[in-house]
């Protein structure tokens, strides 16, 4: 672990800004305080600023304003020190298809000045971790998508990083591969004390893996908390109504009901947080019709992180 003074924070960012030219503000004054040995998930729609934030924290982009430290090292003034502390897996696959899996790991270790025996031992350990021993001497071009993501994950671990940045680590993978990689990430945190910061479009993944979550849109962190805290804010049940007509009047009237805990509206969808949702459903649908709001579809469910995402960004997570 770094000898720098960290105050227990793996990532400490204050007022982080990234502006492109005059008119594109990609990141707009983000503050981050991510404790060591935790998993932090950053969620947001495409273009929200997630990858730009990651690029600044991993020294690939220089901030326009604000400061950021990783394990106490400044990402601008001490960029080389930051790089020695971190591992990174990018959203896009960046593997040489003509190399074998073993060679891809070996070359990465050489770039970081690892000795031959150290590389050999580490490669064997990591291939075993992600169950790629049998495929290690095959060319990467013969690997499935899930195998490539696992190889990229362990390449980021070759140098024993203290902080691992994963940009969409399971994007496009089948559920089984996603679950396996999720298990590895939790295992790394629990057994090796690793801090993990990841982005994902999969709400269930964030809910299962993350100790804390930040929802970002338009370059700003809109809300942070544990998945449990954020979900509990939604109410015991969430009634989701899709419809057309006078939604403003309907929302105003449903908000005035004594049992309503939360109401949000976006893209023709009204979310209503209530207790005992099934028991309240008829009353709310009747109220909608009386208010001139035509109900086209309605459902009742326990709230999820996807509902939280919709509440704060106004967009469903599939978008």
Scan segment 205-221 residue by residue and report those that are surrounded by fewer than 17 Cβ atoms within 10 Å (Cβ to Cβ) and either part of a strand (DSSP E or B) or modelled with pLDDT under 90 (or both).
220
Per the filter on segment 13-54, residues assigned to a loop (DSSP other than H, G, I, E, B), more than 20 Å from residue 211 (Cα to Cα) and touching a strand residue (DSSP E or B) at 6+ places or on another chain (Cβ under 9 Å) are 45, 47, 48, 49
Looking at segment 141-156, can you tell me whether even one residue there is assigned by TED's automatic domain parsing to the domain that holds residue 203, on the phi < 0 side of the Ramachandran plot, touching a strand residue (DSSP E or B) at 6+ places or on another chain (Cβ under 8 Å) and not in a helix (DSSP H, G or I)?
yes
Matching residues in segment 234-248 - criterion: being outside any loop (DSSP other than H, G, I, E, B) and surrounded by fewer than 15 Cβ atoms within 10 Å (Cβ to Cβ):
242, 244, 248
Starting from residues that are at pLDDT 90 or above and outside any helix (DSSP H, G or I), keep the ones in segment 97-112 and report whichever is farthest from residue 156 (Cα to Cα).
98
Filtering segment 288-317 for residues that are in a strand (DSSP E or B) and surrounded by 17 or more Cβ atoms within 10 Å (Cβ to Cβ) leaves a count of 3
Please go through segment 181-201 and give me each residue that is at negative phi, surrounded by fewer than 22 Cβ atoms within 10 Å (Cβ to Cβ) and not in a helix (DSSP H, G or I), ordered by number.
201
Do you know which of the residues in segment 167-180 that are touching a helix residue (DSSP H, G or I) at 6+ places or on another chain (Cβ under 7 Å) and touching a residue at least 60 places away in the same chain (Cβ under 8 Å) is surrounded by the most Cβ atoms within 10 Å (Cβ to Cβ)?
169
In segment 113-140, residues that are touching a strand residue (DSSP E or B) at 6+ places or on another chain (Cβ under 7 Å) and either in a loop (DSSP other than H, G, I, E, B) or without any contact (Cβ under 8 Å) to a residue 12 or more places away in the chain (or both) total 3
Considering segment 65-96 alone, what residues qualify as being surrounded by 22 or more Cβ atoms within 10 Å (Cβ to Cβ) and assigned to a loop (DSSP other than H, G, I, E, B)?
71, 75
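The values are calculated or read from the model by the stated rules, or taken from the named source; none is laboratory data. Note that this is a predicted model, so its numbers are computed, not measured. Positions of Cβ are backbone-derived with ideal geometry, glycine not excepted, and every protein chain shown enters the neighbour counts.
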